[in-house]
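Single-structure report; data block below.
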Amino acid sequence: MSDVSTPIVTRERGQVEVEAQVWQQIAALPELWALVEAGIIRVSQPGKGRIAVHGTHFVGRARLGNVEIEIQEKIPGALGALISFASHGSFNIQRVDGSETEFGGLTSLLVGQFVQAVRSYVTRGREFQYGTRAMVSSLVRGRLDIEKTIQLRAKGMGHTIAFDQTIITHSIDKNALILRALREVENITQVAPVPTQILSASRTLAILFSDCRSTEVLFGSRKIWAIKAEKLAASQRTHQDRDLLSLAAVLLSHRGFENDKPVVGISPRAWFLDLEELFESAVRLTMIKIAEKSIKIINGKQIRIPIFPLRSLTYRADPDIVIKPISGVPVIGDVKHKEWTGKTVQSDIYQLLVHAATYGATNAFLVYPGEEYLHTPLGISELGINVDIFVVDVRHLDQDLTSVLNHLGLPLDVVPVMVPAI
């Protein structure tokens, strides 16, 4: 894009020094500090007159004035491999501009965010306005229309009265626009993958807006509606409504937040994906797919066993993975989205051992992301708990996690199910 300065590009948990001229352009922008406060990036001063931007466990992009900032995944292809496991919690849309792109793998998350915003809007109560409706009846329920009443009397209808009744209508521009965007979700599914549950939720919500159906909504130009959405978003009082209509504008303009194939234009939101949460979900869900019914794998955060029975509400064990064989004690695992350097951080080991001891486990393991499979046994601790370290290739999770379960001696009675990456 011709109006964009040299972009600031770094990798997750990496850093890049920013030129003084570029820093001057963005230092006073509140959007920059919004990203810092959200923990998406960090800023440091490594030396006099030097500024560095640090990536965290998020990947994504935003536009700060005329400067693009982009955080890329450390392992090429990791985002594409993990995106099918993404949830709304890992998809963070900031109120910062970003470059538009054609629809791609992030589209389902974008649609999901819009559907979630519509659901929140409906929960708060749809906006409405008062209107009038001409009525004729023997009982007056509104403002008397003397002229029409006289006309009725002249026609011999002396028992009836004409009046204007005050009514509440939800058929306003905002609701009509939301319905148009919900209907557009159907078309988007033809060009991008959208989960069935999101599509079903979109159809259900569209029914609630059926009172806004009109020829313009059903057959009007998508581009015109996209322009309306952008204008209406700018006039909203709350950020929830601005987000809702901005997302509608993005969907109606058929623009996305991809890392490649940028097009001319600015999307009204920047996107960021939490790879830390994404990797944890991917490991656990892939293990569940592989294991099928032979072993039970759950998220320890759903159980949260007290570490100290007398302080049950204060200290709890909540490992990322609890593997329960049909018989025997459970196996405990934690997922760490960190670079494997050949040595585990002591606090990670301590945490794992506490989790395992609380569950009465004799085997525990840590999983790290990497570019190839690696198994490092640490041995049996003084607590009698055997600890293993695994590094798995995020692009071949099904294959590597099958090896993990085999190394742990867990029975796999079925052929592993391949988990496709988008």
Open item on the list: Pairs please, first residue from the stretch 143-166 and within 18 Å of Tyr130 (Cβ to Cβ) and polar (S, T, N, Q), second anywhere and modelled with pLDDT under 90 and surrounded by 15 or more Cβ atoms within 10 Å (Cβ to Cβ), Cβ atoms under 7 Å, 6+ apart in sequence or on different chains.
Closed with: Gln165/Met135; Gln165/Gly142; Thr166/Gly142
Open item on the list: If I ask for residues that are assigned to a strand (DSSP E or B) and either more than 26 Å from Ile172 (Cα to Cα) or in contact with a Gly (Cβ under 8 Å, 6 or more places away or on another chain) (or both), which ones from the stretch 106-132 would you list?
Closed with: Thr132
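Residue-wise test of (1) at pLDDT 85 or above; (2) over 23 Å from Ile168 (Cβ atoms); (3) in a helix (DSSP H, G or I).
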{"site": "Ala206", "(1), (2), (3)": "yes, no, yes"}
{"site": "Ile227", "(1), (2), (3)": "no, yes, yes"}
{"site": "Gln236", "(1), (2), (3)": "no, no, no"}
{"site": "Leu247", "(1), (2), (3)": "no, yes, yes"}
{"site": "Asp260", "(1), (2), (3)": "no, yes, no"}
- [ ] May I ask you to say which residue of Ala192, Ala201, Ala176 is more than 19 Å from Ser246 (Cα to Cα), part of a helix (DSSP H, G or I) and open to solvent by less than 40 Å² (accessible area, probe 1.4 Å)?
- [x] Ala201
- [ ] Six or more apart or on different chains, Cβ under 7 Å: which pairs go from a residue in the stretch 296-320 that's in contact (Cβ under 8 Å) with a residue 40 or more places away in the chain and within 14 Å of Pro330 (Cα to Cα) to one that's in a helix (DSSP H, G or I) and open to solvent by 50 Å² or more (accessible area, probe 1.4 Å)? Could you list them?
- [x] Ala317/Val354
Task: Filter result for Tyr130 (at pLDDT 90 or above and either on the phi < 0 side of the Ramachandran plot or not hydroxyl-bearing (Ser, Thr, Tyr) (or both)) - done: no
TODO: Give the residue that is surrounded by the fewest Cβ atoms within 10 Å (Cβ to Cβ), with candidates limited to residues of the stretch 139-173 that are assigned to a loop (DSSP other than H, G, I, E, B) and in contact with a strand residue (DSSP E or B) (Cβ under 7 Å, 6 or more places away or on another chain).
DONE: Arg141
Open item on the list: So, restricting to helices (runs of 4 or more DSSP H) that lie completely within the stretch 17-83, which ones have at least 2 residues that are of a type in the set (Val, Ile, Thr) and on the phi < 0 side of the Ramachandran plot?
Closed with: 20-26
Task: Residue list for the stretch 45-55, restricted to those being surrounded by fewer than 19 Cβ atoms within 10 Å (Cβ to Cβ) and either closer than 22 Å to Ile75 by Cα or within 28 Å of the chain's Cα centre (by Cα) (or both) - done: Ala52, His54
- [ ] Find all pairs meeting these conditions: Cβ atoms under 7 angstrom apart; at least six residues apart or on different chains; first residue within the stretch 233-250 and open to solvent by less than 70 Å² (accessible area, probe 1.4 Å); second residue hydroxyl-bearing (Ser, Thr, Tyr).
- [x] Ala233/Ser246; Leu244/Tyr121; Val250/Ser267
Task: Residues satisfying the stated conditions in the stretch 208-225, i.e. in contact (Cβ under 8 Å) with a residue 12 or more places away in the chain, over 18 Å from Phe114 (Cβ atoms) and assigned to a loop (DSSP other than H, G, I, E, B) - done: Arg213, Ser214, Gly220
- [ ] Go through the stretch 290-339 and count every residue that is open to solvent by 50 Å² or more (accessible area, probe 1.4 Å), over 25 Å from Gly384 (Cβ atoms) and part of a loop (DSSP other than H, G, I, E, B).
- [x] 6
- [ ] Taking the residues in the stretch 179-189 that are assigned to a helix (DSSP H, G or I) and open to solvent by 10 Å² or more (accessible area, probe 1.4 Å) as candidates, determine which candidate is nearest to Thr215 (Cα to Cα).
- [x] Arg180
Task: Which numbered condition Cys212 fails, given (1) surrounded by 18 or more Cβ atoms within 10 Å (Cβ to Cβ); (2) within 30 Å of Leu144 (Cβ to Cβ) - done: (2)
Open item on the list: Consider the stretch 341-350. How many of its residues are crowded, with 17+ Cβ neighbours inside 10 Å and of a type outside the set (Val, Ile, Thr)?
Closed with: 0
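The values are calculated or read from the model by the stated rules, or taken from the named source; none is laboratory data. This structure is a prediction, so every number in the text was calculated from the model and none was measured. FYI the Cβ positions are ideal-geometry reconstructions off the backbone, even for glycines, and counts take in every protein chain you see. Surface areas here come from the heavy atoms of the whole protein model, side chains and all, with no ligands, DNA or RNA. Shrake-Rupley method; radii C 1.70, N 1.55, O 1.52, S 1.80 Å.
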